[in-house]
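This is the structure I have questions about; it appears just below.
The values are calculated or read from the model by the stated rules, or taken from the named source; none is laboratory data. All values reported here derive from a predicted model rather than from experimental measurement. Every residue, glycine as well, gets a Cβ built from its backbone with ideal geometry; the counts of neighbours run over all protein chains shown. To get the accessible areas, we keep the full protein, side chains included, count just its heavy atoms, and leave off ligands, DNA and RNA. Shrake-Rupley method; radii C 1.70, N 1.55, O 1.52, S 1.80 Å.
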Amino acid sequence: MTGTLFALKLRLFRNGPHNERAFSLVAGLVLAALVAAGSVAASRGVIDEGWIAVALTVWGGMWVFGPLAQPRHEPSVISREWLRGYPLPPWRLARALSWTELLGVGPLITLACLSSLVILAAPRDPAAVASAVGALVAQLYLLVWAGKTVAALMAWLLQTRAGMTMAATQTAIMLAVSFAAWVPIAAWLAPRLGEGDTTITLGRLPAQVIDVLAALPTGWGYRAALAARDGAGFGTALLPLAALLAAGALLHLGWIALTARALRRPPRRAAPQRPAVPGRPLSLPFIGPQVSAVVSRELATWLRDPARGVELRSAWLTPLLMAGIVALTGWSWALPFVGPSAAVFGGMVAINTYALDGTALWQLVTTPGAARADVRGRMVAWALLFGVPSLALAAVLWAATGSPAGGAAVGGAIAAAATACALAPLLALVMPTVGTDARDRVYPGQQAGDPTGAQMTIFSLVLPAAFLPGVTGAVSGGSPWVTVLSGILLAGIVLYATPALTVRLLQRRGTSLLDAMAARDAAVLRAPARRAERQR
């Protein structure tokens with residue numbers, strides 16, 4: 001049974017989409033190579049080896065908190081929905097399926113990262129290297145099953161409204177820590193950067209910090225490798241290894257139990273939580289009735305759809321948590337930059353709206369002249385939900401802190417909000433990820449598409465737009481008002497040029513996109529393009 005499932009997963013890897021997997025593999029291996037290179041420098045005394053403990057802790061945290069960043073996505077390549085009707089005991093099926101979870105990009109790049117343990121122990125002797133290899137395997141075993149169990153647990157919790165709120169909160173915490181946890185370290189290394197002093201001191205980490213990191217489960221492998229290298233005794237190195245294997249085995253059994261429970265449950269049918277009643281028409285200045293109707297629909301969908309609801313809550317909460325992290329450091333001058341960050345997060349969560357709407361797109365396709373109103377209505381709704389709050393956040397924090405970089409933050413928030421507002425509908429048409437149709441989706445844990453590739457795309461486009469006004473202001477002499485005006489100019493250019501392109505793309509691809517929703521396969525969108533190429 002296990003061999004059959006391994007063969008199935010290999011075929012899925014070979015015949016499935018490769019772009020996102022290849023990007024994750026390359027990016028992950030680059031980061032793992034940096035950690036390994038740091039361990040080489042640490043073994044030669046160039047840097048403090050405590051920084052390797054920091055890197056391994058961050059890497060392990062990505063395994064534990066990573067599933068919380070995308071709580072509504074199916075964590076496994078082989079979906080449990082495919083195996084629910086098999087005439088096999090659920091526990092046996094879950095146990096066989098569990099070993100296929102060790103095959104993937106994540107375990108591979110983590111193996112490359114944990115090779116730093118072997119590098120640290122290499123100068124000692126073969127026995128220390130053997131112990132480090134054991135620590136590598138045991139640490140990998142723990143991290144993989146920690147991540148898989150957290151993902152399975154979140155899929156279970158997301159079936160309730162309380163679970164949705166919990167998932168959004170945990171997602172926001174994870175994102176805030178991921179994007180702002182470097183600020184306390186940077187404030188420690190360059191405490192006077194806000195005053196123009198760029199002096200950086202890269203010294204030894206306090207011993208208490210290293211002891212805390214080594215005491216965490218993510219540092220047990222590090223502690224075992226160093227104990228073997230320093231000749232601390234067989235028992236000192238064996239205890240962390242035994243703890244890693246025991247904790248990994250418990251998490252492994254927990255994943256099997258959660259998966260067996262999911263396999264025993266019959267599929268749930270979608271049922272409305274609240275009756276659909278006509279809402280009060282939304283009246284907005286300078287906006288026609290068709291666009292206002294789209295805005296009203298989008299606002300209601302963001303508040304009612306379970307898949308969008310988790311993203312909405314996390315996008316609102318993450319900037320506030322980031323502001324709390326930054327406020328605890330001496331870098332109060334950096335607080336206004338939380339505003340542009342909020343615009344970036346808002347763009348990332350709104351990247352897949354057309355695919356999330358599913359086959360309801362037929363109303364748009366069959367209504368003449370509705371494309372323009374739909375695109376502009378989605379943009380206005382995004383501006384109300386994310387754009388205006390991000391601008392207000394940057395301006396309020398600038399006024400509260402008197403930061404010398406406040407003009408760059410406000411200008412960056414204007415440019416980032418405009419870029420995200422314009423690009424989110426465009427990339428939703430260019431890079432849709434189709435999953436369970438909206439009418440069949442009961443809770444966010446169901447397969448609703450995995451837009452990671454599109455999220456990384458809009459992140460790489462909006463982030464430079466947020467920095468561009470600051471660069472312009474610095475070149476022109478550092479005037480904050482020049483920075484704000486450059487942000488407004490960039491916003492005007494983007495908002496003028498992009499919506500027309502989105503409307504034309506929607507008119508051209510609307511029918512194909514609807515076919516992809518009905519087939520629940522984004523590959524349907526690529527078929528007309530391939531036929532057109534063959535005809536040429």
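Among Leu489, Leu426, Leu501, which is the only one that is more than 23 Å from Ala413 (Cα to Cα), modelled with pLDDT of 90 or more, surrounded by fewer than 22 Cβ atoms within 10 Å (Cβ to Cβ) and of a type outside the set (Val, Ile, Thr)?
The match here is Leu501.
May I pose another question? Tell me, please, whether a residue that is more than 30 Å from Leu397 (Cβ to Cβ) and at pLDDT 85 or above can be found in segment 281-290.
yes
Within segment 352-394, considering only helices (runs of 4 or more DSSP H) that don't extend past its boundaries, which have at least 1 residues that are in contact (Cβ under 8 Å) with a residue 24 or more places away in the chain, open to solvent by 60 Å² or more (accessible area, probe 1.4 Å) and charged (D, E, K, R)?
Working: elements: 353-357, 362-365, 370-382.
Fully inside segment 352-394 and qualifying: 370-382.
Say we look at segment 453-475 and pick out the residues that are open to solvent by less than 30 Å² (accessible area, probe 1.4 Å) and not aliphatic (A, V, I, L, M); which of these is modelled with the lowest pLDDT?
Let us first name the residues in segment 453-475 that are open to solvent by less than 30 Å² (accessible area, probe 1.4 Å), namely 453-455, 458, 462, 465-466, 469-470, 473.
Checking which are not aliphatic (A, V, I, L, M) leaves us with 453, 455, 469-470, 473.
Working: Gly453: 77, Gln455: 84, Pro469: 90, Gly470: 87, Gly473: 80.
Checking each candidate, the answer is Gly453.
A further question on this structure: Determine the pairs where a residue that is closer than 11 Å to Met1 by Cβ and touching a residue at least 24 places away in the same chain (Cβ under 8 Å), located within segment 86-101, has a partner that is in a loop (DSSP other than H, G, I, E, B) and open to solvent by 50 Å² or more (accessible area, probe 1.4 Å) with Cβ atoms under 7 Å apart, the partner being 6 or more residues away or on another chain.
That search, which allows pairs on different chains as well, returns Leu93/Tyr86; Ala96/Met1.
Go through (1) among the small types (Gly, Ala, Ser); (2) surrounded by 22 or more Cβ atoms within 10 Å (Cβ to Cβ); (3) modelled with pLDDT of 80 or more and name the single condition Ala243 misses.
For Ala243, the exception is condition (2).
Applying the selection to segment 327-351, what residues are over 25 Å from Val375 (Cα atoms) and open to solvent by less than 10 Å² (accessible area, probe 1.4 Å)?
Pro336, Val338
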